[in-house]
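First the structure, in the form of structure tokens, and then the observations on it.
Rule-based calculations on the coordinates, nothing more; no lab input. What you see is a predicted model, and the numbers here were worked out from it, not measured in a lab. Please note: Cβ atoms are built from the backbone with ideal geometry, for glycine as well, and neighbour counts cover all protein chains shown.
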Amino acid sequence: MKRVFSGVRPTGKLHLGNYQGAVLNYVRLQDEYKCVYCVVDIHALTTLSETPMLQANINDMFMDLLAAGVDPEKAILFVQSHVPEINELAMLLGMVTPLSWLLRVPTFKEKARQHPENVNYGLVGYPVLMAADILLYKADIVPVGIDQQPHLELTREIVRTFNQRFGHTFDEPQAKLTEFPLVVGLDGKDKMSKSLNNHIEISATPEETQKRVMTAVTDPARIRKNDPGHPDVCNVFKLHQQFNTAEVPTICEECKKGNIGCVECKRKLANCINESLAPLRERRIALEAKPDYIKEVMNDGAKRASVIAKSTIEEVRARMNLR
Ligand code: SF4
């Protein structure tokens, strides 16, 4: 069985966009591959200037992943910094990574533009840390969206350079291109995102979900309840297409005829989201009551990840004549 690696930033509670875009894929992959899923807390530090919420965010992410169906019996689920070999490998891979490669990475340029006050060494070295994540666990496959492909290509370049200098140590990881459904945020403009506050958390209560859905932007041309609507330009309709497929044809027709009001349409959407997430939310509430179990899963994941990490780092040290 081939090994898959994927990392997720501890940004707090997962929202519907993360869930549809990545987490459901995690759950599918764990039946076909040996999966290593990592909550990448060190990566989070590249853009954080303060860390009071970091542990709470890691816990929330862990509970959401478990509630969503990531199975610690099938996959290795752990926290990046709990396996300290990651720091050593990132440092060693840094020795074969020209600075010019890192400076041309689009995400670095974008983040540097957005936060000129916090352009740190860790931020520019972010792709090296990412390469270390993948290579420490000798992953064969990395699930990526099209926009993340340049990052993986950089990892492959690092592998080629390392192997050329020190002998064959790593295989080049392959991308598994995933057709992530893009979930548009409640603002109807951008991708659903916590930082834009246009999201719905998967662990929100039914009442919170209802309240959030009611704020969603709809067809701007529809002023009165009976005006014929244009579902093709309506964000709420897009969300129905993802979360309420059974009712899509009826809603489309009724909206065009002006037979359904936006409030009722949003209520239907909220009900459907609540219904489909009810089992997940129940599991999430049960997990919240078992902090010792969460710790146990974290420790066990780190132990299993450490076995692979220690063997890789031994091999790398030997290749580089460090012992
Ligand atoms: Fe959008 Fe529904 Fe209103 Fe039509 S009825 S404009 S699909 S929210």
* Extended-chain gain in nm, criterion 0.36 nm per residue less alpha-carbon gap, Lys257 and Asp71 -> 62.4 nm
* Asked: For the range 1-28 and the range 147-176, what is the separation of their C-alpha centers, rounded to whole Å?
  -> 22 Å
* **Out-of-range pairs (alpha-carbon distance over 28 Å; input Lys268/Lys290; Lys194/Lys225; Lys176/Lys266; Lys13/Lys268; Lys238/Lys295; Lys268/Lys295)** => Lys268/Lys290; Lys194/Lys225; Lys176/Lys266; Lys238/Lys295; Lys268/Lys295
* **Label-to-label distance, nm, for residues given as Asp190 and Tyr293 (7 Å Cα→Cβ offset)** => 3.6 nm
* Asked: How far is the Cα center of the range 214-249 from the Cα center of the range 103-125, in Å?
  -> 38 Å
* Within the chain, percent of DSSP bridges classed antiparallel, to nearest 5 -> 10 percent
